[in-house]
Amino acid sequence: MNNKDTNKKYTVSFTTLGCKVNQFETEAMSELLEKEGFEVVQENVSDIYIINTCAVTNESERKSRQFINKAKRINPNAIVVAVGCSVQLHGEKISKDTTADIIIGTKNKGNIGKLLKEKLSHMEQDSEVIIESFHGQECFEELKISSVHDKTRANIKIQDGCSQFCSYCIIPYVRGPIRSRNHEDIVKEVKDIAANGYKEIVLNGIHISSYGKEIKEQDALIKLIEDMNKVEGIERIRLGSLEPNLITEDFIIRYSSLEKTCDHFHLSLQSGSNSVLERMNRKYTAEQYKNNVELIKKYMPDAGITTDIIVGFPGETDEEFNETMEFVKKVRFSRIHVFKYSIREGTKAAEMTDQVDDIVKSERSRVLIELGEEVSNEFMKKYVGKDVSVLVETEKTENLFEGYTTNYLKVLLKSDINIRNTIVDVHVKNVGNDYLTGEYSAI
C-alpha cells in the first residue's frame, strides 16, 4: 500500500458503542484530531474510521467487530482504528479477526493524532497494536472537550476505572483501578464549555461514586459539584450512574441546596433480592437502597430515580425474581433499564454452575419491562396539568421540539420559533409512550 499525502486534510468518521464515557472520549478524540488538521465528518464514506468499542456484553463485542470490518468494506483504502474496552479485552483476537490498521486499548487515546500521522506516512507497515496492561496505581489520562458536536448537554469525564469487582462485570479488568481527574482541570473544562453556550453538564466516569477515594478524600465529589455550581453560564448539573452507598444525608443536604443541581439520580440496583445482590458482590442490601431513595425524596420530593436491573443472574430463582418485582413496586422508579444476564468470560459469575435458561431470562425480562413501563407511566402522570422546566435539545420535525426536565422526563412541545438550547417553562397536557407533551408560550 502506498503512503498517503500527509498535506491532505483527511476525513475521519467515528462509530461509538457503549456508555457515556465512550461518548465523551469520542468527543475528546474528535476535538484533538480537528486541532491537528483532520476533518471529522458524519458521512458514511471517509478516509479514516475510528470505532470506539464496548465490552459490557457479548453482543456489544460482536457489534464492535462488525463495525470494524464494515468500515473496510465501505472504503477498502481507508485506515481503520479500533479503540476501547473490547480491544483491551481481546486485542489479539481483534488483530487476527478484523481489518483494523491501528489497535488501541483503553489507554493512549490522547495519542490518536500522532498514531494516525505515523500510519499515513508508513502505510506499508502491518497493523499497529498498542495495548498496555494496568499495574496497581494508575494516573488519569487527561482528555478534555470545549464543545460537543450538535448537542446541548456536555458529558464531562471526571474519573476512570473501577475497583468494585461485581461478579458479573468485566469492566474493572479493561478499565483498571480507580483514578480521579484533577479537580481544577475539571472546573476549567466546565468554564470552557459554558463559554461555548452549553447549558447542562453531566458528570460521568466508569464509577463516579469513587471520585477522590484513591487519594482518601471522601467528600471530593460534592466539593467538585459545589465549585461547578459557581460557574457562570451553566444552568444544570446532572450526575451519571451512581452507587447507592454514595447517598448520605450530608451529601444530599449539600447537593439539594445548590441551585443548579438536577433532581435526577441513576442509582444502579441490579436486583431487589438480597441473596442475588450478595452473589453479585454488590455492596448494599435492598433495604439500604430503599432507605437511600427515601433520603433523596426527603430533600428532593420530585426526584426521578432511574435504575438498571439484571434478570436471570446465575441461580436466580422464581422467588428471588419476585422479590425484585415487589421491590420495584415499592420504590416506583421513574424509569427502569432491564438487561438479561450475559456471561462474560473472565468474571466470577461466568464460572457459576447454575446458569438460568435463556427462555426464563426472556420471560422475566418481558414481565419486568412491562412493570417498569407501568411505574414510569404512573410517575409521568403526576405532572399532567403542572408546569415543568425543560431544556430543549433537538428539533424532531418542523416546529416540534424535544427536551428534558430536571428530573429527566422527556417532553415534546411545539414552537414556531427555534428554541433549541434554551430552558423554557412548559405546561404539561398529556402523557405519551415514554414522554410528556405540553404547551410552551413565548413571553
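Any read-out appearing in this document is the output of simple, stated calculations on the displayed coordinates, not a laboratory observation. Everything numeric here is computed off the predicted structure, so don't read it as measured data. No Cβ is skipped: glycine too gets one built from the backbone with ideal geometry, and neighbour counts run over all protein chains shown.
The charge dipole of the chain, taken about its Cα centre with unit charges on the Cβ of Lys, Arg, Asp and Glu (plus for the first two, minus for the last two), comes to roughly 300 debye. Taking the fewest neighbouring Cβ atoms within 10 Å as the starting point, the ordered list for 106, 53, 11 is 11, 106, 53. With a ≥ b ≥ c taken as the square roots of the eigenvalues of the C-alpha gyration tensor of the range 155-207, please select rounded if a/c is under 1.5 and otherwise prolate if a/b is larger than b/c or oblate if it is not? Taking the square roots of the gyration eigenvalues as a ≥ b ≥ c, the range 155-207 is prolate. Sorted ascending by nearby beta carbons within 10 Å, beginning with the fewest, 29, 300, 325 become 325, 300, 29. Under 5 Å from the amide H of residue 406 lie the amide H atoms of 389, each residue being 5 or more positions distant or on a separate chain, with H modelled from the backbone and absent for Pro and chain starts.
Evaluate the relative contact order of the chain (contact order divided by residue number), counting alpha-carbon pairs under 8 angstrom at least 6 apart; express in whole percent.
Details: 875 pairs, mean separation 43.8, N = 443.
Dividing the mean separation by the residue count of the chain yields 10 percent.
Computed 3J(HN,Hα) for the range 265-278, one whole-Hz value per residue from the Karplus formula 6.51 cos²θ - 1.76 cosθ + 1.60 where θ = phi - 60°, is 10, 9, 9, 5, 8, 6, 7, x, 9, 4, 5, 5, 4, 5, glycine and proline marked x. Structural descriptor for the range 153-381: relative contact order 18 percent, calculated from alpha carbon pairs under 8 angstrom and at least 6 residues apart.
Backbone amide hydrogens, once placed in the peptide plane, bring residue 340 within less than 5 Å of 311, excluding anything fewer than 5 places away on its chain.
Classify the range 11-130 as rounded, prolate or oblate from the Cα gyration tensor: take a ≥ b ≥ c as the square roots of its eigenvalues, call it rounded if a/c is under 1.5, otherwise prolate when a/b beats b/c and oblate if not. Spell out each step's value before the answer.
Numbers: a/c = 1.37, a/b = 1.17, b/c = 1.17.
Rounded, since a/c falls under 1.5.
Ranked by Cβ crowding within 10 angstrom, fewest neighbours first, how are 257, 60, 86 ordered?
Fewest to most other Cβ atoms nearby, the residues stand as 257, 60, 86.
Where both bridge residues fall in the chain, DSSP classifies roughly 30% of the beta bridges as antiparallel.
In order along the range 103-112, the Karplus-derived 3J(HN,Hα) couplings, from 6.51 cos²θ - 1.76 cosθ + 1.60 at θ = phi - 60°, round to 10, 10, x, 8, 9, 6, 5, x, 9, 4 Hz, and Gly and Pro are given as x.
Classified by the C-alpha gyration tensor, the range 153-381 has a prolate form. Its axis ratio a/c, with a ≥ b ≥ c, is 1.5 or above, and a/b is larger than b/c. Go through 11, 66, 42 and say which Cα lies farthest out towards the positive end of the charge dipole of the range 11-130; charges sit on Cβ, +1 for Lys and Arg, -1 for Asp and Glu. My answer, from the dipole projection, is 66.
Divide the volume of the convex hull around the Cα atoms of the chain by the residue count and you get 155 Å³ per residue.
Bridgeable lysines around residue 63 (alpha carbons under 22 Å apart, same-chain partners fewer than 8 residues away excluded): 20, 72, 93, 96, 107, 109, 340, 361.
Loop-located trypsin sites (Lys or Arg not before Pro) across the range 1-106 with a Cβ neighbour count of 14 or fewer within 10 Å are 8, 9, with loop assigned by DSSP.
Rounded to the nearest whole Hz, the Karplus-based 3J(HN,Hα) values (6.51 cos²θ - 1.76 cosθ + 1.60, θ = phi - 60°) of the range 244-250 follow the sequence x, 5, 5, 6, 10, 5, 4, with x at glycine and proline.
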